[in-house]
Amino acid sequence: MRVLLLGGTGEATGLARALAEDSRYQVTVSLAGVTRAPRPLPLPTRLGGFGGAGSLAEYLRAEGIAALLDATHPFAARITANAAQAAAATGTPLLRLHRPAWTPGPGDDWTQHPDMSALAAALGETPRRVLLTVGQKELAAFRAAPWHHYVIRSVDPPDPALLPPQAEVLTATGPFALEAERELLRRHGIEVIASKNSGGAATAAKLVAARELGLPVHLLARPPLPPGLAVVEEVADALAWLHARRAERGA
C-alpha cells in the first residue's frame, strides 16, 4: 500500500520509524525543506513543497497514493489546507496527526494572541529582555518593537534582514532539558518569553522554567484546522487508522 507522509515533526519521525519496519506499506516522506539539514529518516524522503494543492493532487494520482498522513507542524496551516484540498480532489483518505496544544496550569502566567503582530505589541513599551522562539520566518513582526533585547533561538540561523536591531541568535535543536532552560533564562536575564503554542514535549521545558521563575509567557494561538478533517493526537492512533484503511482495501 503506497502512503505519503507529510513530515517535519517528532511525531512524523515516530511514524516513519514504525512504518519502515512494516513491509505492508511503501511510504515516502515529504519534507517542506524549512530546516536546512533535517535529520535522516529510515524511508525514502523528498525535499521541497509540492507548489500547492493542485500539484499535490497530481502527485497523489501519479504515484498511486492510497493514504495520506499529515504529520506536519501545528502551524503549517498552508500545507494542511493543501493536503485537505488534494485529498478531497483525488478521493485519497487523509488523516491529520495533530499533537495537543499546551494548556496553562496553576502558577502559569500565559496570554495567547491571534497573530504575530499582536504578540509583539503585547510585549509592551518598556524595554525587556525577551526569549523569542517563534521560528525563522516570523521575526519581522518584532522589528516594530525595537526597544526590546531579543534572545532568538532557532534551529537554523535566521535571515539577518528579518532580525530586530537588538538581537542575539542561539542556534539549537530540541529536546531541551529543564535544567538547561532554567540556566538559559537566568544567564540571559530573560524577563518574558514569546513563542508559539506548538505543543509537544521537546520544547515544553521553557514553560516550566518560566513558571518556576515567575515569568510571563506570550503565545501565538494555533490556526484552525480545515473543517471535517480526521484528526488523531498519538502516533499509535495514526498507525491504527492506517491499518484500518489497508483492511478496507482488502490488502
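Among the residues of the stretch 174-190, those identified as part of a helix (DSSP H, G or I) and of a type in the set (A, V, I, L, M, F, W, C) are Leu178, Ala180, Leu184, Leu185.
When the stretch 200-223 is examined, which residues are found to be of a type outside the set (A, V, I, L, M) and modelled with pLDDT of 95 or more?
Restricting attention to the stretch 200-223, the residues satisfying the condition of being of a type outside the set (A, V, I, L, M) are 200, 203, 206, 211-212, 214, 216, 218, 222-223.
If the condition is that a residue be of a type outside the set (A, V, I, L, M) and modelled with pLDDT of 95 or more, then Lys206, Arg211, Glu212, Gly214, Pro216, His218, Arg222, Pro223 are the ones that fit.
Matching residues to (1) more than 30 Å from Ala230 (Cα to Cα); (2) under 15 Å from the mean Cα position of the chain (by Cα):
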{"site": "Pro100", "(1), (2)": "no, yes"}
{"site": "Ala122", "(1), (2)": "yes, no"}
{"site": "Phe142", "(1), (2)": "yes, no"}
{"site": "His149", "(1), (2)": "yes, no"}
{"site": "Ile152", "(1), (2)": "yes, no"}
{"site": "Pro160", "(1), (2)": "yes, no"}
{"site": "Leu170", "(1), (2)": "yes, no"}
{"site": "Gly200", "(1), (2)": "no, yes"}
{"site": "Ala205", "(1), (2)": "no, no"}
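Looking at the structure I just gave you, is Ala194 closer than 29 Å to Pro100 by Cβ, assigned to a strand (DSSP E or B) and not hydroxyl-bearing (Ser, Thr, Tyr)? So Ala194 passes the test.
Before we move on, is Leu170 open to solvent by 20 Å² or more (accessible area, probe 1.4 Å), modelled with pLDDT of 95 or more and closer than 26 Å to Arg211 by Cβ? Here the answer is yes, as Leu170 does meet what is asked.
Report whether or not Ala53 is in contact (Cβ under 8 Å) with a residue 12 or more places away in the chain, outside the structural domain of Gly199 (by the TED database), within 19 Å of Ser30 (Cα to Cα) and within 21 Å of the chain's Cα centre (by Cα).
Numbers: in contact (Cβ under 8 Å) with a residue 12 or more places away in the chain: yes; outside the structural domain of Gly199 (by the TED database): yes; within 19 Å of Ser30 (Cα to Cα): yes; within 21 Å of the chain's Cα centre (by Cα): yes.
Considered against the rule, which asks whether it is in contact (Cβ under 8 Å) with a residue 12 or more places away in the chain, outside the structural domain of Gly199 (by the TED database), within 19 Å of Ser30 (Cα to Cα) and within 21 Å of the chain's Cα centre (by Cα), Ala53 comes out as yes.
A search for C-beta distances below 8 Å between a residue of the stretch 227-244 that is within 17 Å of Ala20 (Cα to Cα) and any residue that is of a type in the set (Gly, Ala, Ser) and assigned to a helix (DSSP H, G or I), counting only pairs 6+ apart in sequence or on different chains, returns Val235/Gly14; Val235/Ala18; Leu239/Ala18.
Given the structure, is Arg17 open to solvent by 20 Å² or more (accessible area, probe 1.4 Å), part of a helix (DSSP H, G or I) and either modelled with pLDDT of 95 or more or basic (Lys, Arg) (or both)? If you could, list the steps in order and put the result at the bottom.
Values: open to solvent by 20 Å² or more (accessible area, probe 1.4 Å): yes; part of a helix (DSSP H, G or I): yes; either modelled with pLDDT of 95 or more or basic (Lys, Arg) (or both): yes.
When the stated conditions are applied, Arg17 passes them.
Candidates Thr45, Thr72: the one that is open to solvent by less than 40 Å² (accessible area, probe 1.4 Å) and either of a type outside the set (Val, Ile, Thr) or touching a residue at least 12 places away in the same chain (Cβ under 8 Å) (or both) is Thr72. Can you tell me which residue is farthest from Val169 (Cα to Cα) among those in the stretch 141-153 that are in contact with a helix residue (DSSP H, G or I) (Cβ under 8 Å, 6 or more places away or on another chain) and open to solvent by 50 Å² or more (accessible area, probe 1.4 Å)? Only one residue fits best here, namely Ala144. Checked against the criterion of being open to solvent by 50 Å² or more (accessible area, probe 1.4 Å), part of a loop (DSSP other than H, G, I, E, B) and not hydroxyl-bearing (Ser, Thr, Tyr), the candidates Pro158, Pro165 yield just one match: Pro165.
The values are calculated or read from the model by the stated rules, or taken from the named source; none is laboratory data. Since the model is a prediction, treat every value here as computed from it, not as a measurement. Reconstructed Cβ throughout: ideal geometry from the backbone, glycine too, with neighbour counts over all protein chains shown. Note: accessible area is taken over every heavy atom of the protein model, side chains too, but ligands, DNA and RNA are not part of it. Shrake-Rupley method; radii C 1.70, N 1.55, O 1.52, S 1.80 Å.
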